[in-house]
Amino acid sequence: MIFVPSADAPPRTRLTVDGPTAAGKTTLGYGVAQSWASRGGGETFLLDTGMTYRAAGLALSRTPGLTPDEFRDGLLHLPALFTGPDTEPIDPLMMIWRDGDVTHDLRSVGLEHCLRHVAGNDAWRAEILSMHAHMADALSWANLVVVGRDTAITLMPTPNVAVYLTAELDTRRTRRSTQYAGIPNVSTSVGPETELDLKVRGALGARSWAIDIDSTHMTAAQVLTRAQDALAHAGKAAEQDAPGVVPSGWG
């Protein structure tokens, strides 16, 4: 993947989607990114930050004693790229570790201990945040949807719209087990909202450009419509503030 902007690239739009496991964050991210690109909004990337943490957990499980900077040097994280009306990205989300594609190994059973170590270690978190910030900066010319757990308060604190997406625990557990039904050696573990989730939800609750969506009784299409409505509202506000200079992808 080559990060080169189009000569006529329109102003870009930023959306963050945070929330607990199996709330539907990546599904929403895909929906928004595909919608923006199909409406002529220009190149749109989807960055799933949780994949980096899982890749770190996988790398640590395979290489005990691995340091954050060694992980950074051996990782290639490719965000998904959408450019037109196709429902699938022309470049999919992909994680390369030491020249090997580990994308389909990121949910392997047995990674949870290493994943918790990475997520709870300040040095690992700082390194991963730095990696994500570098990627977001490299994609400053394009539309970008970022999915994770705390992206709206760490990586991208001033997006056009921030979504906190959640659902009841039983619903999230059912979704995850259904998603990976029949696939061997895949972890379907889903827990309650964490202290970090609640911190992010509380912080976003005070921001006018953030929305809170409980998807327990909603379809994926309904969640996407809700997010698009919020983006359209933000676009109208942007037009009032700066007529004629509205980022791509609104509505």
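For this structure, a couple of remarks:
- Per-region count, the range 60-76, residues within 30 Å of Trp141 (Cα to Cα), in contact with a Leu (Cβ under 8 Å, 6 or more places away or on another chain) and outside any helix (DSSP H, G or I): 0
- In the range 111-131, residue farthest from Val190 (Cα to Cα) [restricted to those that are in a helix (DSSP H, G or I) and touching a residue at least 60 places away in the same chain (Cβ under 8 Å)]: Met131
- Within the range 102-129, tally of residues that are more than 21 Å from Gly65 (Cβ to Cβ) and of a type in the set (S, T, N, Q): 1
- Just one of the listed residues (Leu115, Leu111) is at pLDDT below 90 and touching a helix residue (DSSP H, G or I) at 6+ places or on another chain (Cβ under 9 Å), namely Leu111.
- Qualifying residue in the range 186-198 (condition: closer than 21 Å to Ala59 by Cα, at pLDDT 95 or above and among the small types (Gly, Ala, Ser)): no
- Test: residue in the range 119-129 that is touching a helix residue (DSSP H, G or I) at 6+ places or on another chain (Cβ under 7 Å), within 21 Å of Ala220 (Cα to Cα) and among the β-branched types (Val, Ile, Thr): no
- Here the range 207-247 is the region considered, the condition is being under 12 Å from Leu15 (Cβ atoms) and in a loop (DSSP other than H, G, I, E, B), and the residue that is modelled with the lowest pLDDT is Pro247.
- Residue count, the range 195-215 (criterion: surrounded by fewer than 17 Cβ atoms within 10 Å (Cβ to Cβ) and either within 11 Å of Leu165 (Cβ to Cβ) or among the acidic types (Asp, Glu) (or both)): 3
- Among residues that are surrounded by 13 or more Cβ atoms within 10 Å (Cβ to Cβ) and in a loop (DSSP other than H, G, I, E, B), Thr151 is included.
- Flag for Val146 being within 25 Å of Phe82 (Cβ to Cβ), surrounded by 16 or more Cβ atoms within 10 Å (Cβ to Cβ) and modelled with pLDDT of 95 or more: yes
The values are calculated or read from the model by the stated rules, or taken from the named source; none is laboratory data. Since we're looking at a predicted model, the values are computed, not measured. Glycine gets a Cβ as well: all are built from the backbone with ideal geometry, and neighbour counts include every protein chain shown.
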